[in-house]
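> Got a structure for you, questions after.
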Amino acid sequence: MLKVDLSEFYSTKKCAIGSLPLSEEQWAKINTVLKMSNKEVQTATIMEVLDKWGFPVKRTTLSEHRRGLCCCGK
């Protein structure tokens, strides 16, 4: 039987949010607000803070991560 290499179809991409090089303190803060509702802390506000820290991110990327729809499933 012919074995077909399907490795290129499997995602090897890392989540843009989950792989940010944040400090331990920054991760603690981000993980806390990501668990909060959008009414409590808006995605735009999180984006502003990340940008201020030197990590600009796209709204869709952050929204998907926040809802657990990204490749890391956080």
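> How about segment 22-37: which of its residues are in a loop (DSSP other than H, G, I, E, B), without any contact (Cβ under 8 Å) to a residue 12 or more places away in the chain and not small (Gly, Ala, Ser)?
Pass one, segment 22-37, residues in a loop (DSSP other than H, G, I, E, B): 22-23, 35-37.
With without any contact (Cβ under 8 Å) to a residue 12 or more places away in the chain added as a condition, the list becomes 23, 35-37.
35, 36 - these are the residues of segment 22-37 that are in a loop (DSSP other than H, G, I, E, B), without any contact (Cβ under 8 Å) to a residue 12 or more places away in the chain and not small (Gly, Ala, Ser).
> Take the residues of segment 24-39 that are β-branched (Val, Ile, Thr) and surrounded by 12 or more Cβ atoms within 10 Å (Cβ to Cβ): which is farthest from residue 72 (Cα to Cα)?
Among residues in segment 24-39 that are β-branched (Val, Ile, Thr) and surrounded by 12 or more Cβ atoms within 10 Å (Cβ to Cβ), the one farthest from residue 72 (Cα to Cα) is 33.
> Also: Would segment 13-23 turn up any residue that is under 15 Å from residue 72 (Cβ atoms), loosely packed, with under 15 Cβ neighbours inside 10 Å and either among the small types (Gly, Ala, Ser) or in contact with a helix residue (DSSP H, G or I) (Cβ under 8 Å, 6 or more places away or on another chain) (or both)?
Scanning segment 13-23, I find at least one residue that is under 15 Å from residue 72 (Cβ atoms), loosely packed, with under 15 Cβ neighbours inside 10 Å and either among the small types (Gly, Ala, Ser) or in contact with a helix residue (DSSP H, G or I) (Cβ under 8 Å, 6 or more places away or on another chain) (or both), so the answer is yes.
> Checking residue 17 against (1) part of a helix (DSSP H, G or I); (2) among the β-branched types (Val, Ile, Thr); (3) in contact (Cβ under 8 Å) with a residue 24 or more places away in the chain, which single condition isn't satisfied?
The failed condition is (1).
> How do the pairs read when you match residues in segment 46-74 that are under 16 Å from residue 15 (Cα atoms) with residues anywhere that are basic (Lys, Arg), using Cβ under 6 Å and keeping only pairs 6 or more apart or on different chains?
71/13
> Can you tell me how many residues within segment 52-62 are within 14 Å of the chain's Cα centre (by Cα), surrounded by fewer than 16 Cβ atoms within 10 Å (Cβ to Cβ) and not in a loop (DSSP other than H, G, I, E, B)? Full working, then the answer.
Initial filter on segment 52-62 (within 14 Å of the chain's Cα centre (by Cα)): 55-62.
Filter once more, keeping what is surrounded by fewer than 16 Cβ atoms within 10 Å (Cβ to Cβ): 56, 58-61.
Still in the list and also not in a loop (DSSP other than H, G, I, E, B): 59-61.
So the count comes out to 3.
> Could you list, in sequence order, all residues of segment 1-14 that are of a type in the set (Phe, Trp, Tyr) and either under 12 Å from the mean Cα position of the chain (by Cα) or not in a helix (DSSP H, G or I) (or both)?
10
> Taking the condition aliphatic (A, V, I, L, M) and in contact (Cβ under 8 Å) with a residue 12 or more places away in the chain, does residue 6 pass?
Here the answer is no, as residue 6 does not meet what is asked.
Quick note: the coordinates plus some simple rules give every number you see, no bench work behind them. Note that this is a predicted model, so its numbers are computed, not measured. All Cβ positions, even for glycine, are placed from backbone atoms using ideal geometry, and neighbour counts span all protein chains on display.
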